[in-house]
Amino acid sequence: MIQQRMFAAIGVAAVLCCLAAPAFAETKIAAINFEEVVNKSPQYKSADAKVTAEFGKRRTDIETQGKQLNDDAQKYQKDRDVLSGDARSKTEKDLQQRQIDLQYAQKKFQDDFVARNRELTQQIVSQIRSVITAVAKEKGYDLVVTDPVYATPAVDISDDVLKRLASAPDSPK
């Protein structure tokens, strides 16, 4: 019984493929390596430079604070035996508070960095998709496949999209 249903389903699928084959024969298909296009696009390079400029000083400040905290903690470890009880307690509380503040600053930095990166990436991806659509329409493609396992250079439009992106304004805001 199961075999009869399976053969019937295969037969129906074969008939549908035969009927649809003429339509597929006329279909023009293109392929694109989306990740490569994103990474090579001038918009991506511009956004990367923008993020580096926006977050570089803040990252450096956090790294400096971390190094200073580490240096102070090492100094405290060396000197704690000669410190009075009050001075030792005060120094420990100060180091603990600075550690908490540094962890908060690191988390805030990471969250802000990820959010800004995501925002710029969405802008770039949207622009790239628009260019892919425009190139596909101009060249008469019916379907664009992203990141195929294999595509001949004849159907790969990645270079055409990159050329169009190079001439487009590259200003993610």
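The values are calculated or read from the model by the stated rules, or taken from the named source; none is laboratory data. Every value quoted in this text rests on a predicted model; they were computed, and no experiment measured them. Every residue, glycine as well, gets a Cβ built from its backbone with ideal geometry; the counts of neighbours run over all protein chains shown.
The requirement of being surrounded by 12 or more Cβ atoms within 10 Å (Cβ to Cβ) and farther than 17 Å from Asn33 by Cβ is fulfilled somewhere in region 131-145, by at least one residue. When the test is whether a residue is among the β-branched types (Val, Ile, Thr), in contact with a strand residue (DSSP E or B) (Cβ under 8 Å, 6 or more places away or on another chain), under 29 Å from Ala47 (Cα atoms) and at pLDDT below 95, Val149 does not pass it. For the structure I just gave you, tell me whether Leu83 is within 30 Å of Glu26 (Cβ to Cβ) and either out of contact with any Lys or Arg (no Cβ under 7 Å at 6 or more places or on another chain) or at pLDDT below 95 (or both). No: the conditions fail for Leu83. For Glu119, indicate whether it is of a type in the set (Asp, Glu), closer than 30 Å to Asp147 by Cα and part of a helix (DSSP H, G or I). For Glu119, the condition - of a type in the set (Asp, Glu), closer than 30 Å to Asp147 by Cα and part of a helix (DSSP H, G or I) - is met. Here Tyr104 meets the list (1) within 26 Å of Ala53 (Cβ to Cβ); (2) of a type outside the set (Gly, Ala, Ser); (3) surrounded by 12 or more Cβ atoms within 10 Å (Cβ to Cβ) almost entirely, failing just condition (3).
Filtering Ile62, Ile29, Ile100 for residues that are under 30 Å from Ile124 (Cβ atoms), modelled with pLDDT of 95 or more and either touching a Phe, Trp or Tyr at 6+ places or on another chain (Cβ under 7 Å) or hydrophobic (A, V, I, L, M, F, W, C) (or both) leaves a single hit, Ile62.
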